[in-house]
Each structure stands twice: as structure tokens, then as C-alpha cells.
Amino acid sequence: MSLDFSQKIDAKIQKLHETTMRAEQLEKRLMVLSFAVHSSTLFSISDIQRNVMNASNSSIRTYLLDLMSIGYVERVTLWTYRATDKAKQLFGVKG
């Protein structure tokens, strides 16, 4: 097996791994968003940790910041968040 062929295989494996990681990150954001739109009260990072996923505060904060940047979640207080009407429309949730 030539070194060039081996490098091509390694590059394909790396690309597949990166695609899988992006898909997993998208899935985590969708889980947070689903929780947000179905929450009847304001929620916090610890609520997400208890009810959605066992992830670090910084990971969940990153997911929330991403969702806020596209208008699906908004910060209400320093510690609490809620889904926007835009997000609720996307999921067909009223109110």
C-alpha cells in the first residue's frame, strides 16, 4: 500500500469523523430546542442538565448561544431562558 493511498484513506476517515461530530452537535442543539419549546416555564442550564442531557455548563451554554444567535431562544434573566415564538412556530407549539 503506497503512502499516498494511505493518506487518502486517513483523510476520508477524518472527514467522516468530522461529519459525524457535526451531526451529533446538531442533534444536541435540537434536543435543547425541543426542550425549550415544550417548557411551560422559564428554564436554566441546570434544567437542561436534569431533563435533557448530562453535559457541562459550558457545552449547554454554547448550544443556547447558538440557538439565541438564530433567534430560537432568548435570555430572560441572567440564569433563565425561554423559546421564542419563532421556535414555537417551527415546532407547531402554541403560546
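The values are calculated or read from the model by the stated rules, or taken from the named source; none is laboratory data. Just so it is clear, the structure is predicted and the values come from calculations on it, not from any experiment. A quick note on method: Cβ atoms are made from the backbone with ideal geometry, for glycine too, and the neighbour counts reach across all protein chains shown.
Report, by residue number, each residue of region 47-60 that is loosely packed, with under 14 Cβ neighbours inside 10 Å and touching a residue at least 12 places away in the same chain (Cβ under 8 Å).
First, pick out the residues of region 47-60 that are loosely packed, with under 14 Cβ neighbours inside 10 Å: 50-51, 54, 56-58.
Within region 47-60, N51, N57 qualify.
Within region 26-61, being part of a helix (DSSP H, G or I) and polar (S, T, N, Q) holds for S34, S46, Q49, N51, N57, S58, S59. Right, V76: of a type in the set (V, I, T), surrounded by 10 or more Cβ atoms within 10 Å (Cβ to Cβ), modelled with pLDDT of 95 or more and out of contact with any Lys or Arg (no Cβ under 8 Å at 6 or more places or on another chain) or not? Considered against the rule, which asks whether it is of a type in the set (V, I, T), surrounded by 10 or more Cβ atoms within 10 Å (Cβ to Cβ), modelled with pLDDT of 95 or more and out of contact with any Lys or Arg (no Cβ under 8 Å at 6 or more places or on another chain), V76 comes out as no. Can you find a residue in region 27-46 that is more than 17 Å from the chain's Cα centre (by Cα) and surrounded by 11 or more Cβ atoms within 10 Å (Cβ to Cβ)? Within region 27-46, one or more residues are more than 17 Å from the chain's Cα centre (by Cα) and surrounded by 11 or more Cβ atoms within 10 Å (Cβ to Cβ).
If you go through region 62-95 and keep only what is under 22 Å from Q49 (Cβ atoms) and within 13 Å of the chain's Cα centre (by Cα), you end up with T62, Y63, L64, L65, D66, L67, M68, S69, Y72, V73.
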